[in-house]
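**Student:** Supplied in structure tokens, the structure appears directly below.
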Amino acid sequence: TWVAWRVLAPVEAVRAAATAETRAAITIINTPEDCVVAGEEAAVRRVVQSLAGARVIDLGHPMVVHCPEMSPYEDTWRRIHTRRTHAPDGVRFYSNHTGRSYRPTRRNVADRLTGQALECIDFPRTVEQAYADGVRAFLELGPRDTSTQAIRAILGERPCDVMAFDTASRDGIGGIVTAAARLFASGHPQSIT
């Protein structure tokens, strides 16, 4: 039985505990204190039980992804993610597979999405690289603000603007307006296209 559990504990301690198990591994690192451990339920349970004081959240979607166990589906995954792409000027794209920016092409996007499906996602590595590259505004376009909270935890007190367009307390349009106003107030140029 495959499970995926979010574990709120120091990642290095989780990594050390997971090395004792052949059927459990870290599949996503959200922050230095927050990761996802996935694998056979009994093995994941043993990893978590060895971590004193760890908080655990069952993600409720036991997908076999971000790990080598997904490799039998690699070709299918690549085909699904090989699509026509368009790389707009002035936009930098980052990959959690490499932790670096890249120019989206049909092949580059498929390679990176397939790579991140086969390997652990190290979100702090990507955020740190973006910050080192001069990125100072981080906007989350997904549901709620999970990545926004992670970016704040990763960057700490370093100067940057981090915000989510959609949170539990806002509707979609209200979130966009609030984020645009915050960006404007922080001195980021605005344009409507």
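The values are calculated or read from the model by the stated rules, or taken from the named source; none is laboratory data. Note that the structure is a prediction, hence the values are computed from the model and not measured. Note that we place each Cβ from the backbone using ideal geometry, even for glycine, and neighbour counts take in every protein chain shown. Remember, those area values only see protein heavy atoms, side chains included, never the ligands or the DNA or RNA. Shrake-Rupley method; radii C 1.70, N 1.55, O 1.52, S 1.80 Å.
**Student:** Confirm whether GLU128 is over 29 Å from MET163 (Cβ atoms) and acidic (Asp, Glu).
**Tutor:** Answer is no for this residue.
**Student:** Only one of these conditions is not met by VAL11: (1) buried (at least 18 other Cβ atoms within 10 Å of the Cβ); (2) at pLDDT below 95. Which number is it?
**Tutor:** (2)
**Student:** Restricting attention to the range 60-72, does a residue exist that is assigned to a strand (DSSP E or B), open to solvent by less than 30 Å² (accessible area, probe 1.4 Å) and modelled with pLDDT of 95 or more? Working first, answer last.
**Tutor:** So in the range 60-72, the residues assigned to a strand (DSSP E or B) come out as none.
Checking the range 60-72: not a single residue is assigned to a strand (DSSP E or B), open to solvent by less than 30 Å² (accessible area, probe 1.4 Å) and modelled with pLDDT of 95 or more.
**Student:** Which one of these does ALA42 not meet: (1) part of a helix (DSSP H, G or I); (2) modelled with pLDDT under 95?
**Tutor:** The single condition ALA42 does not satisfy is (2).
**Student:** Here's a follow-up. Could you give every pair whose Cβ atoms fall below 9 Å, whose first residue belongs to the range 141-169 and is farther than 19 Å from PHE184 by Cβ and β-branched (Val, Ile, Thr), and whose second residue is at pLDDT 80 or above and open to solvent by 50 Å² or more (accessible area, probe 1.4 Å), counting only separations of at least 6 or pairs across chains?
**Tutor:** ILE154/PRO32; ILE154/GLU128
**Student:** Restricting the first residue to the range 40-57 and requiring it to be closer than 11 Å to VAL14 by Cβ and open to solvent by 70 Å² or more (accessible area, probe 1.4 Å), which pairs with a second residue that is not charged (D, E, K, R) and not in a helix (DSSP H, G or I) meet a Cβ separation below 8 Å and a spacing of at least six or different chains?
**Tutor:** So the pair list comes out as SER50/ALA20.
**Student:** Have a look at THR82, THR76 and point out the one that is surrounded by fewer than 18 Cβ atoms within 10 Å (Cβ to Cβ), of a type in the set (S, T, N, Q) and not in a helix (DSSP H, G or I). Explain how you work it out, then say what you get.
**Tutor:** On the way: THR76 fails: not in a helix (DSSP H, G or I).
The conditions single out THR82.
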